[in-house]
Amino acid sequence: QVQLVESGGGLVQPGGSLTLSCTPSETIFNFHSMAWYRQAPGKQRELVARIGSGNTLVYVDSVKGRFFISRDNAKQTVYLQMNSLKPEDTAAYYCNARTFAGDIWGQGTQVTVSS
């Protein structure tokens, strides 16, 4: 069973930066896309950013210009660089890997933006 190991969450002040990492237990080339989602208390899980196998990029409007998703094939890791963080970015962030058989999810990592 494929596992997605996430790291990098934490507490940061508004305007600060964090980088999340996601490393699958098998090669990232097995997935036709990987993504980060987030879920705030009382809200639905939403897509934050997705990177396709051809490096196509998709971002939710609220993070465009502040968040950047990337993939390091040598390290078999997907990153989410988050800049200019706002309190409304506070949420549990989940790594997602999409295959033709369905979606695989990480356990989530908490990001809290607060002064």
Query raised in the report: Over region 19-61, what relative contact order in percent results from Cα pairs under 8 Å that are six or more residues apart?
Result: 29 percent
Requested in this report: Using only alpha carbon pairs under 8 Å that are at least six residues apart, calculate the relative contact order of the chain and give it in whole percent.
Outcome: 36 percent
**Report entry** Per residue accessible area of the chain, 1.4 Å probe, in Å²
**Finding:** 52 Å²
Query raised in the report: When the dipole is taken about the Cα centre of the chain, and only Lys, Arg (+1) and Asp, Glu (-1) are charged at their Cβ, what size is it in debye, to the nearest 20?
Result: 140 debye
Query - Whole-percent carbon and sulfur share, accessible surface of the chain, 1.4 Å - result: 50 percent
**Report entry** Distance (nanometres) between label positions extended 7 Å along Cα→Cβ at Ala40 and Ser17
**Finding:** 2.4 nm
Query raised in the report: Mind listing the phi-derived Karplus ³J(HN,Hα) values for region 29-38, rounded to whole Hz, using 6.51, -1.76 and 1.60 with θ = phi - 60°, and x for any glycine or proline?
Result: 6, 7, 10, 7, 6, 9, 8, 10, 10, 9
Query - Theoretical gain in end-to-end length, Ser84 to Phe29 [0.36 nm per residue, Cα-Cα removed] - result: 16.7 nm
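The values are calculated or read from the model by the stated rules, or taken from the named source; none is laboratory data. Since we're looking at a predicted model, the values are computed, not measured. Virtual Cβ from ideal backbone geometry, glycine too; neighbours counted across all protein chains shown. Accessible surface is based on the protein model in full, side chains and every heavy atom, while ligands, DNA and RNA are left aside. Shrake-Rupley method; radii C 1.70, N 1.55, O 1.52, S 1.80 Å.
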